[in-house]
1. From the set of residues in region 53-65 that are touching a residue at least 12 places away in the same chain (Cβ under 8 Å) and part of a loop (DSSP other than H, G, I, E, B), which is surrounded by the fewest Cβ atoms within 10 Å (Cβ to Cβ)?
2. Can you work out which of the residues in region 316-327 that are surrounded by 21 or more Cβ atoms within 10 Å (Cβ to Cβ) and over 8 Å from the mean Cα position of the chain (by Cα) is farthest from Val300 (Cα to Cα)?
3. When region 213-251 is examined, which residues are found to be farther than 21 Å from Ala332 by Cα, under 21 Å from the mean Cα position of the chain (by Cα) and not hydrophobic (A, V, I, L, M, F, W, C)?
4. Tell me which of these Arg37 doesn't satisfy, since it passes every other one: (1) in contact with a Pro (Cβ under 9 Å, 6 or more places away or on another chain); (2) at pLDDT 95 or above; (3) surrounded by fewer than 18 Cβ atoms within 10 Å (Cβ to Cβ).
5. Taking the criterion of being in contact with a strand residue (DSSP E or B) (Cβ under 7 Å, 6 or more places away or on another chain) and of a type in the set (Phe, Trp, Tyr), would at least one residue in region 203-224 satisfy it?
6. Go through (1) assigned to a loop (DSSP other than H, G, I, E, B); (2) under 19 Å from Gly302 (Cβ atoms); (3) not polar (S, T, N, Q) and name the single condition Lys50 misses.
7. Can you tell me which residue within region 261-294, out of those that are free of Cβ contacts under 8 Å to residues at least 40 places away in the same chain and among the hydroxyl-bearing types (Ser, Thr, Tyr), is farthest from Tyr14 (Cα to Cα)?
8. From the list Ala309, Ala279, Ala293, which one is modelled with pLDDT of 95 or more and either within 13 Å of the chain's Cα centre (by Cα) or assigned to a helix (DSSP H, G or I) (or both)?
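The values are calculated or read from the model by the stated rules, or taken from the named source; none is laboratory data. Remember, it's a predicted structure, so these values are computed and weren't measured experimentally. Cβ coordinates were reconstructed from backbone atoms using ideal geometry, including for glycine residues, and neighbour counts include every protein chain displayed.
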Amino acid sequence: MKTKKVAIVGASGYSGEELVKLLLHHPHAELVAVTSRANAGQTLAQIFPKFASHPKSKTLRFTDPNAKVLAKQADIVFLALPHGVAAEFAVPLLAAGCTVIDLSADFRLRSAATYKEFYAHDHPAPELLAKAVYGLPEFYRDEIRKTQLIASPGCYPTSILLPLIPLLKAGLIKPDGIIADSMSGVSGAGRKAEVDYLFCECNESVRAYGVPKPGHLSEIGEQLSLAAGTKVVIQFTPHLIPVNRGILTTLYLAPTKHFTTAAEATALAEKISACYAKAYAAEPFVRLLGGKALPDTKNVTGTNVCEIAWRLDPRTGRLIVISAEDNLVKGASGQAVQSLNIHCGWPETAGLL
């Protein structure tokens with residue numbers, strides 16, 4: 001199986017570090033370049049001692065990011081950069097013939113106007129939006145195989161879209177009145193020195209943020225609307241919790257058909273089970289939980305797996321769906337590598353747990 005040369009721009013952040021770990025041990029990808037302005041000249045082993053046992057860690061050095069140089073070194077380039085900055089590298093890399101897998105929000109939306117509304121600045125490369133493919137592998141495999149630009153989904157959106165898209169496509173839930181409460185570990189904020197993310201500020205504390213209009217809301221609403229075939233308005237509130245990594249999302253949904261009797265509840269439960277089984281029974285990275293089991297971040301941390309479970313509540317008439325994932329793996333770098341595998345025609349599980 002042919003090996004591809006890959007590079008990571010922004011390799012010193014949390015998502016970048018996770019990409020380094022996955023790609024160093026990937027059976028078909030050769031990591032040839034890592035960039036970081038702050039760490040330029042230093043080896044992987046110096047910045048990430050945990051990788052010191054890998055032979056490449058002492059020879060592969062961080063460099064300043066340079067699109068022209070990277071295009072000569074790599075076939076595929078991962079961009080683990082802030083929103084607005086990633087597009088500046090994507091444009092010349094794409095022009096040079098590289099495949100780009102972007103972990104920022106720069107290419108996740110189809111509308112430059114929506115991007116500006118949620119991210120408060122003009123889109124740096126609006127001409128590329130129509131060419132980008134949303135990198136949610138479970139629903140965009142064919143497109144991922146063919147594209148040169150993959151927009152890897154955000155961590156919160158992944159935890160919401162995977163449980164919701166099958167239900168909306170099947171018409172089992174109403175497209176309005178959807179409520180999503182999500183809790184994320186502190187690594188979701190990125191590796192940066194800000195007061196809000198200091199240990200003493202986060203430890204023994206749980207708080208909401210981005211209320212009522214967090215940035216990920218645009219991405220979530222757009223993908224749900226595409227799935228439903230009609231505009232979907234969702235209430236989404238993210239929360240910061242004092243753990244390193246992991247996301248737990250709880251969704252409150254209104255079924256399209258009321259269930260007032262035991263027979264109606266049973267019939268609806270069967271339809272929901274069949275819907276999820278059809279969507280995910282053969283998926284390597286979606287785990288449907290049965291019986292009394294509920295998603296738990298400790299069971300997905302370090303893996304590319306998203307757990308999903310659901311319950312019908314006869315008291316309120318609602319469907320409650322819960323998901324759990326690792327925000328740095330299935331919510332970021334692992335999902336990006338999953339798209340890499342699909343794009344290159346490798347086994348989808350290559351290099352992933």
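1. Looking at residues that are touching a residue at least 12 places away in the same chain (Cβ under 8 Å) and part of a loop (DSSP other than H, G, I, E, B), I get Thr59.
2. Step one: list which residues in region 316-327 are surrounded by 21 or more Cβ atoms within 10 Å (Cβ to Cβ), which gives 319, 321, 323-327.
With over 8 Å from the mean Cα position of the chain (by Cα) added as a condition, the list becomes 319, 321, 323-326.
Numbers: Leu319: 23, Val321: 17, Ser323: 10, Ala324: 7, Glu325: 6, Asp326: 6 Å.
Top of the filtered list is Leu319.
3. Lys213, Ser225, Gln235
4. Only one criterion is unmet by Arg37, namely (2).
5. Within region 203-224 (the criterion being in contact with a strand residue (DSSP E or B) (Cβ under 7 Å, 6 or more places away or on another chain) and of a type in the set (Phe, Trp, Tyr)), the answer is yes, since at least one residue qualifies.
6. The single condition Lys50 does not satisfy is (1).
7. Only one residue fits best here, namely Thr261.
8. Ala279
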